Amino acid sequence: MNQQLEPFYRGEFIAGASTGIKSFADLKGKTFCFVDPLSTSGYIVPRIILAANGINPDTDFKATQNAGSHNNVAIAVYKGDCDAGASYIDILTDSSANLAATYPDIATKVNIFADTDRIPNDGVQYIKTLDPKLQAITTEALLAMSNDPGGKAVLTKLYNVNAFQKIDSTFTMYADFLKVLQKAGVDPASLIK
């Protein structure tokens, strides 16, 4: 995403160029690679998007596997170990993944057939019973840290966070993602424990 700071990121669905997969409907009966069950863009969100597009990830694939990393998903699709898979966006060309160094033709042997909607980035949330004054002080402190070069370095090193943005109930950037959840039959409130 061109290294821009955004309160969201995206994932993508990839397939081997020779598999004929060009849409979600083409996935039925194919093999599919996820990252691992704890990966938001490589497992959790793709399963929701698959369901929203009429694919049951538990019954509609010939087989599934957890490849263990985003790089491994792309490599498995490239090698034909899986017909398709899910990863964070731009895995084929991302400079930190640098898959082209080992697989120079990966971008021609693996196709991207769909991107996810915006996935919310990690956030800071408070329980409802936390004193509002403490919430405000903590929020202001985190915002100040992310605007200070030293504080930003600490946040980046410890948590891989490079910025904070204060949002409120009028924030609508995730509205499209909410529609995908609803289409998949997922109530976001049921995910909070």
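The values are calculated or read from the model by the stated rules, or taken from the named source; none is laboratory data. These figures come from a predicted structure and were not determined experimentally. As a convention, Cβ positions derive from the backbone with ideal geometry for all residues, glycine included, and neighbour counts pool all protein chains shown. Side chains are part of the model used for accessible areas, which takes the heavy atoms of the whole protein and leaves out ligands, DNA and RNA. Shrake-Rupley method; radii C 1.70, N 1.55, O 1.52, S 1.80 Å.
Considering Ala86, Ala107, which residue is within 18 Å of Ala17 (Cβ to Cβ) and surrounded by fewer than 19 Cβ atoms within 10 Å (Cβ to Cβ)?
Ala107
When residues in region 4-36 are screened for being open to solvent by 50 Å² or more (accessible area, probe 1.4 Å) and either closer than 14 Å to Asn111 by Cα or modelled with pLDDT under 95 (or both), 8 of them pass. Take Ala86 and decide whether it is assigned to a helix (DSSP H, G or I) and among the small types (Gly, Ala, Ser). Judged against the criteria, Ala86 is not a match. Against the list (1) in contact (Cβ under 8 Å) with a residue 40 or more places away in the chain; (2) over 19 Å from Asp176 (Cα atoms); (3) surrounded by fewer than 22 Cβ atoms within 10 Å (Cβ to Cβ); (4) under 17 Å from the mean Cα position of the chain (by Cα), the condition Asn66 fails is (1).
With the structure loaded, tell me whether Ile89 is at pLDDT below 95 and over 29 Å from Phe24 (Cβ atoms) or whether it fails that test. In short, no.
So, Asp176, is that one farther than 30 Å from Asp81 by Cα, of a type in the set (Asp, Glu) and assigned to a helix (DSSP H, G or I) or not?
Yes, satisfied.
Please enumerate the residues belonging to region 91-104 that are closer than 21 Å to Pro46 by Cα and either crowded, with 19+ Cβ neighbours inside 10 Å or hydroxyl-bearing (Ser, Thr, Tyr) (or both).
Correct list: Ile91, Leu92, Thr93, Ala97.
The rows are residues; the columns are (1) within 30 Å of Tyr78 (Cα to Cα); (2) among the charged types (D, E, K, R).
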position: Lys109; (1), (2): yes, yes
position: Gly123; (1), (2): no, no
position: Thr129; (1), (2): no, no
position: Ala141; (1), (2): no, no
position: Lys157; (1), (2): no, yes
position: Phe177; (1), (2): yes, no
position: Gly185; (1), (2): no, no
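Of the residues making up region 90-149, those that are in contact (Cβ under 8 Å) with a residue 24 or more places away in the chain, within 29 Å of Ile55 (Cβ to Cβ) and assigned to a helix (DSSP H, G or I) are Leu99, Ile106, Thr108, Lys109.
Checking each residue in region 150-170 for being part of a loop (DSSP other than H, G, I, E, B), free of Cβ contacts under 8 Å to residues at least 60 places away in the same chain and either of a type in the set (Ser, Thr, Tyr) or surrounded by 11 or more Cβ atoms within 10 Å (Cβ to Cβ) (or both) picks out Val161, Phe164, Ser169, Thr170. All of (1) surrounded by 12 or more Cβ atoms within 10 Å (Cβ to Cβ); (2) on the phi > 0 side of the Ramachandran plot hold for Gly185 with one exception: (1).
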